[in-house]
Each structure stands twice: as C-alpha cells, then as structure tokens.
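The values are calculated or read from the model by the stated rules, or taken from the named source; none is laboratory data. What you see is a predicted model; the values in this text were computed from it and never measured. Cβ sites come from the backbone with ideal geometry, for glycine too, and all protein chains shown count toward neighbours.
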Amino acid sequence: MKNEELIAKIKSGHMKRSDLAKIRFNAQKKLASGDIFAAQVVQAIDEACPLEMEYVFMGFCPGADFKKRQDIHWKNEGICEFLYYESKPQANRFNKVAPGDLIILKKRQIFGKTMALYGHGRVKAICFNDDNIKYLKMDWSKQDQIIEVPLLGANSTIDVKSSSDIAKHMPDEFFEWLKG
C-alpha cells in the first residue's frame, strides 16, 4: 500500500505537532492534484496523537452569555466546536488542537483573576462537517464538579497551555479535579 510506512510513523505517537502539520499540508496538496492515496495520510493525521499533549482551556458561552452555553450539547454529542472564525488568532489556536489534547471547559469568574471549570475531555479525532468546518470528536469525562482556579492566559475563548505551564500555575485542586 502506498504511504504505508508514513502512516505507521504518523500513528506511532512519536511525531511532533509541527511535523504532523507539515505532512498534512503536503498531503492535502497531493490530494487536490488527484493523488487519492494522500487521503489516507490526511485521515491518519486527523486521528494521530502528537508527541506533546496540550491543555486547551475553551470557553463555551458565546458572547459570555451563560444562557447560550454550548457544553451540554457538546457532551451529549461527543463533540467540541468553535464557531467564531472571525477571530483569526482564536481560529488558528483551535485549528492546532490535535488528538490526545485535553479540552477543559472554562468560564471567567472574577475578570482577570479566576475562571470556573465545568468539565474536561480528551480529543479523539479531528472531523469536518459537510461545510468543511472543523470540529473535534471528544471523549468527555463524567466529571460534573465545578471548580474555580486562577485564570491562565488572556481574555479569549481558547487558551492553549503546555504541561509545564499547567504544572507551574495550577493548584493541587486542579489536578485532583482532573482525576475525578
């Protein structure tokens, strides 16, 4: 099978996020020029876990309006969506989310100081709807406890943090909450 070695390498979990992005970009170009086997490479990347996992703190209330909360729908459907593509920086952050990353649902509490966390889940795969809009296939935790922790990052819907950032700035309560 064409691309068999590359697909095995992709699925190994030993590739950097940046390398997977480059390979996906090249595979999409090949697919657009008629190489049907490139679709297998793209699919493998959309299901592959990169070497490094990231924590993605994701707002779930459009316009900060709790009445419009999306988390219940996401958990019921086993998905996570980002629909605010007008914000290029946030869209870029969402588009870099990969399988294996941990999505943590957040809502600002005390402006500039704390956030409430409403749940978390692992990204299983990258998917696209009929309009070619990206969404995440999720394995949501049954965790239903809400905790308040220090706000990390800016005033944005999506804040991506490395494991080292989390270890430095999050209280022990956060790690206990993740286990629950």
The stretch 153-177, subset at pLDDT 90 or above and over 20 Å from Gly100 (Cβ atoms), residue surrounded by the fewest Cβ atoms within 10 Å (Cβ to Cβ): Asp172
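Select from the stretch 3-47 the residues that are outside any helix (DSSP H, G or I) and either among the polar types (S, T, N, Q) or in the same structural domain as Asn95 (by TED's automatic domain parsing) (or both) and write down the one among them that is nearest to Ser164 (Cα to Cα). Even if it seems obvious, please write down each step before you answer.
Initial filter on the stretch 3-47 (outside any helix (DSSP H, G or I)): 3, 12-16, 33-37.
Checking the rest, the ones that are also either among the polar types (S, T, N, Q) or in the same structural domain as Asn95 (by TED's automatic domain parsing) (or both) come to 3, 12, 33.
On the way: Asn3: 35, Ser12: 23, Ser33: 41 Å.
Among those residues, the one meeting the criterion is Ser12.
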Every residue from the stretch 85-133 that is in a loop (DSSP other than H, G, I, E, B) and either aliphatic (A, V, I, L, M) or under 16 Å from Met58 (Cβ atoms) (or both): Tyr85, Ser87, Lys96, Val97, Ala98, Pro99, Gly100, Asp101, Gln109, Ile110, Ile133
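Pick out the one residue from Glu81, Glu52, Glu77 that is at pLDDT below 90 and under 17 Å from the mean Cα position of the chain (by Cα).
Numbers: Glu81 fails: at pLDDT below 90; Glu77 fails: at pLDDT below 90.
It is Glu52.
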First in the stretch 78-107 and touching a residue at least 24 places away in the same chain (Cβ under 8 Å), second anywhere and of a type in the set (S, T, N, Q) and assigned to a helix (DSSP H, G or I), Cβ under 9 Å, 6 or more apart: Phe82/Gln90; Phe82/Asn95; Tyr84/Gln90
All positions within the stretch 51-77 that are among the aliphatic types (A, V, I, L, M) and touching a residue at least 24 places away in the same chain (Cβ under 8 Å): Leu51, Met53, Val56, Met58, Ala64
Some residue of the stretch 75-82 being part of a helix (DSSP H, G or I), touching a Gly at 6+ places or on another chain (Cβ under 9 Å) and surrounded by 19 or more Cβ atoms within 10 Å (Cβ to Cβ): yes
